[in-house]
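Visitor: Below are the structure tokens for one structure; questions will follow.
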Amino acid sequence: MKVVLTPAEMAAADRHAIEHGTPEEVLVERAGRALARHALRMLGGTYGRRVAVVAGKGNNGADGRVAARLLRARGVGVDECSFDDGFYVAELRRMLGRADLVIDAMYGTGFRGRLDGAGAVITQEVLIASVPVLAVDIPSGVNGTTGAVEGVAMRADETICFAAYKPGLLFEPGRAHAGRVEVVDVGIDVTVTGPRLGVFEVSDLVLPEPRVDAHKWSSGCLVVGGSNGMVGAPVLSGSAALRAGSGMVVCAVPGRDAAAAVSGRELVARALPATTDGSLDEGAADEVLKDLARFRALAIGPGLGREPTAQAAVRRVVAEADVPLVIDADALNAIAVDPSVLEARAAAGLGPPVLTPHAGEYERLAGRPVGADRVVAARDLAARLHAIVLLKGPGTVIAAPDGDAIVNPTGGPALATAGTGDVLTGVIASLLAQGVDPLPAAATAAYVHGRAADVARDTPDIVASDLVEALPRTLHELRNRRDPVETA
């Protein structure tokens, strides 16, 4: 897993390297050399090529000036525009008009707020010129901690990032402004004491192979959900669990009519006690709990509705279910009403459940919006609720109660359609049923889910069932440590 350091942690790592014998000028020289090599790759050669370096006053500017010196030595024409020297807009436009590449070395990962003055003028002119941009560590104008952009910011085609990823490169809109990111080692120790943050990669996936002695109940999964008109949600979760490797999936839904709507496919339907309006009756908790020992994991919530009887049943099941557990959708709303059931679960020594809130569900659980810092938000909620929190959205964060957190790099706008969250819940439940621990199960499922969306985009617009159908190919490629997008 690639390490992610906040700007404060990166500054501390820089100081540690300098205090332990690596002079600052050596670090700057290494960074400048890596930057120059990257620029040459983007240029595709040196003959007749020109680069415009826009530099600030800090270490990023120093990195840019080293790269400028080395590129000149290789025969590349280089123009420099520095805050220290001042500049004229007409001269800047002349530089940009003949440049094949712009190196953005104005502001580093410690930037926050809004670009103004010379930085804003230069950025606007670069955007107008439409020249390819290589950013140093992070595009100027992007908050290095959150990825937020206030006002104008540089849009890079590629970003070279030193020592470790920074959070601002992983969350929108910073992720979109950064383009393709390459992390380069410049000899700084990025070991973190305390809670860790990392970016999930193919090599981190935990995808069990079927055991030779396996049978269908070895990875049996129970999905509890559905209400009047909402049976499709648990069906999507159950279907995804089957496609992700569960040998037996039972969808337990309120009433016989709902169960009839589930049947007629590989899923096994089970009717639970229901109210007259088709919601889950509070007594359904007894039915779920008494047979739960047959299953290896439970997913609860998809399509369940917010009726008081259903919420009461959810809270009892969550407090007492002695199997790995995924809590999603309306079950999250039930927990938000009375989160003490999670404390009861923890006090009973039961494992931490996986919670999968989107922004609205997060606000109901936490009592406040997600805010700009998604990592802090996920960590805080995980610690408070004694749970693995998978905070959905652009730049999904998975956090554990001890503070360890993972950023999932896959997925995108294609997932912003009804039912895709139900699919994710099914994949998580399936991995739990196959014996994967909750944190890696949630992170692996998020990665697979995002990649399945990419695989499914052979069609212009995808729906949730397309994700389910894309899971077998996606999983086959990922089990062989191949990225199905890159190998397509």
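The values are calculated or read from the model by the stated rules, or taken from the named source; none is laboratory data. These numbers come from a predicted model, not from an experiment. Because the Cβ atoms are built from the backbone with ideal geometry, glycine has one as well, and the counts that use them run over all protein chains shown.
Visitor: Here is a list of conditions, (1) in a helix (DSSP H, G or I); (2) in contact (Cβ under 8 Å) with a residue 24 or more places away in the chain; (3) surrounded by fewer than 23 Cβ atoms within 10 Å (Cβ to Cβ), and Leu431 meets all of them except one; can you say which number that is?
Guide: Result: Leu431 passes all but (3).
Visitor: OK, next. Return the total of residues in region 408-423 being touching a residue at least 24 places away in the same chain (Cβ under 8 Å) and either of a type in the set (Asp, Glu) or not in a loop (DSSP other than H, G, I, E, B) (or both).
Guide: 6
Visitor: So, one more: I'd like the full set of residues that are of a type outside the set (A, V, I, L, M), part of a helix (DSSP H, G or I) and more than 21 Å from Tyr447 (Cβ to Cβ), limited to region 362-407.
Guide: Correct list: Glu363, Arg364, Asp380, Arg384.
Visitor: Select from region 166-204 the residues that are part of a loop (DSSP other than H, G, I, E, B) and under 14 Å from the mean Cα position of the chain (by Cα) and list them in ascending order.
Guide: Correct list: Lys166, Leu170, Phe171, Glu172, Pro173, Phe200, Glu201.
Visitor: Still on this structure, I have one more. Mind listing whichever residues of region 49-70 are at pLDDT below 95 and surrounded by fewer than 21 Cβ atoms within 10 Å (Cβ to Cβ)?
Guide: Answer for region 49-70, where residues must be at pLDDT below 95 and surrounded by fewer than 21 Cβ atoms within 10 Å (Cβ to Cβ): Lys57, Gly58, Asn59.
Yes or no, residue by residue, for (1) crowded, with 24+ Cβ neighbours inside 10 Å; (2) hydrophobic (A, V, I, L, M, F, W, C); (3) over 21 Å from Val181 (Cα atoms); (4) under 17 Å from the mean Cα position of the chain (by Cα):
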residue: Ala378; (1), (2), (3), (4): yes, yes, yes, yes
residue: Ala383; (1), (2), (3), (4): no, yes, yes, no
residue: Pro394; (1), (2), (3), (4): no, no, no, yes
residue: Ile406; (1), (2), (3), (4): yes, yes, no, yes
residue: Pro413; (1), (2), (3), (4): no, no, no, yes
residue: Gly426; (1), (2), (3), (4): yes, no, yes, no
residue: His449; (1), (2), (3), (4): yes, no, yes, yes
residue: Leu471; (1), (2), (3), (4): yes, yes, yes, no
residue: Arg479; (1), (2), (3), (4): no, no, yes, no
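Visitor: Quick check on Ala241: is it in contact with a Leu (Cβ under 6 Å, 6 or more places away or on another chain), of a type outside the set (D, E, K, R) and under 26 Å from Ala445 (Cα atoms)?
Guide: no
Results for (1) outside the structural domain of Ser430 (by TED's automatic domain parsing); (2) within 26 Å of Met248 (Cα to Cα); (3) touching a strand residue (DSSP E or B) at 6+ places or on another chain (Cβ under 6 Å), shown as yes or no for each residue.
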| position | (1), (2), (3) |
| --- | --- |
| Arg270 | no, yes, yes |
| Ala336 | no, no, no |
| Ala347 | no, no, no |
| Leu350 | no, yes, no |
| His358 | no, no, no |
| Ala366 | no, no, no |
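Visitor: Just one of Val149, Val142, Val184 is at pLDDT 95 or above, among the hydrophobic types (A, V, I, L, M, F, W, C) and buried (at least 24 other Cβ atoms within 10 Å of the Cβ); which is it?
Guide: Val142
Visitor: The conditions are (1) surrounded by fewer than 22 Cβ atoms within 10 Å (Cβ to Cβ); (2) within 30 Å of Ala11 (Cα to Cα), and Ile128 fails exactly one of them. Which is it?
Guide: (2)
Visitor: Tell me yes or no: at least one residue of region 269-292 is closer than 25 Å to Thr444 by Cβ and surrounded by 20 or more Cβ atoms within 10 Å (Cβ to Cβ).
Guide: No: region 269-292 contains no residue that is closer than 25 Å to Thr444 by Cβ and surrounded by 20 or more Cβ atoms within 10 Å (Cβ to Cβ).
Visitor: Between Ala31, Ala36, which is in a helix (DSSP H, G or I), under 24 Å from Val186 (Cβ atoms) and touching a residue at least 60 places away in the same chain (Cβ under 8 Å)?
Guide: It is Ala31.
Visitor: Tell me yes or no: at least one residue of region 252-263 is under 14 Å from Ala429 (Cβ atoms), assigned to a strand (DSSP E or B) and in contact (Cβ under 8 Å) with a residue 24 or more places away in the chain.
Guide: Yes, some residue in region 252-263 is under 14 Å from Ala429 (Cβ atoms), assigned to a strand (DSSP E or B) and in contact (Cβ under 8 Å) with a residue 24 or more places away in the chain.
Visitor: Of the residues in region 187-219, how many are out of contact with any helix residue (DSSP H, G or I) (no Cβ under 9 Å at 6 or more places or on another chain) and surrounded by fewer than 15 Cβ atoms within 10 Å (Cβ to Cβ)?
Guide: Residues that pass the stated criteria total 8.
Visitor: Out of all the residues in region 356-373, which are buried (at least 19 other Cβ atoms within 10 Å of the Cβ) and more than 15 Å from the chain's Cα centre (by Cα)?
Guide: Within region 356-373, Glu361, Tyr362, Leu365, Ala366 qualify.
Visitor: Now, a different point. Does any residue in region 76-93 that is basic (Lys, Arg) come within less than 7 Å, Cβ to Cβ, of a residue that is assigned to a helix (DSSP H, G or I) six or more places away or on a different chain, and which pairs are these?
Guide: Arg93/Glu125
Visitor: Working only within region 97-111, note down all residues that are surrounded by fewer than 16 Cβ atoms within 10 Å (Cβ to Cβ) and under 29 Å from the mean Cα position of the chain (by Cα).
Guide: Within region 97-111, no residue meets the criteria.
Visitor: Does Thr145 fit the bill of being of a type in the set (Val, Ile, Thr), more than 16 Å from Gly56 (Cβ to Cβ) and part of a loop (DSSP other than H, G, I, E, B)?
Guide: It is true that Thr145 is of a type in the set (Val, Ile, Thr), more than 16 Å from Gly56 (Cβ to Cβ) and part of a loop (DSSP other than H, G, I, E, B).
Visitor: Tally time: how many residues in region 123-142 are within 24 Å of the chain's Cα centre (by Cα), in a loop (DSSP other than H, G, I, E, B) and of a type outside the set (D, E, K, R)?
Guide: Result for region 123-142: 4.
Visitor: Can you say whether Glu287 is among the acidic types (Asp, Glu), assigned to a helix (DSSP H, G or I) and in contact (Cβ under 8 Å) with a residue 24 or more places away in the chain, as far as the supplied structure shows?
Guide: For Glu287, the condition - among the acidic types (Asp, Glu), assigned to a helix (DSSP H, G or I) and in contact (Cβ under 8 Å) with a residue 24 or more places away in the chain - is met.
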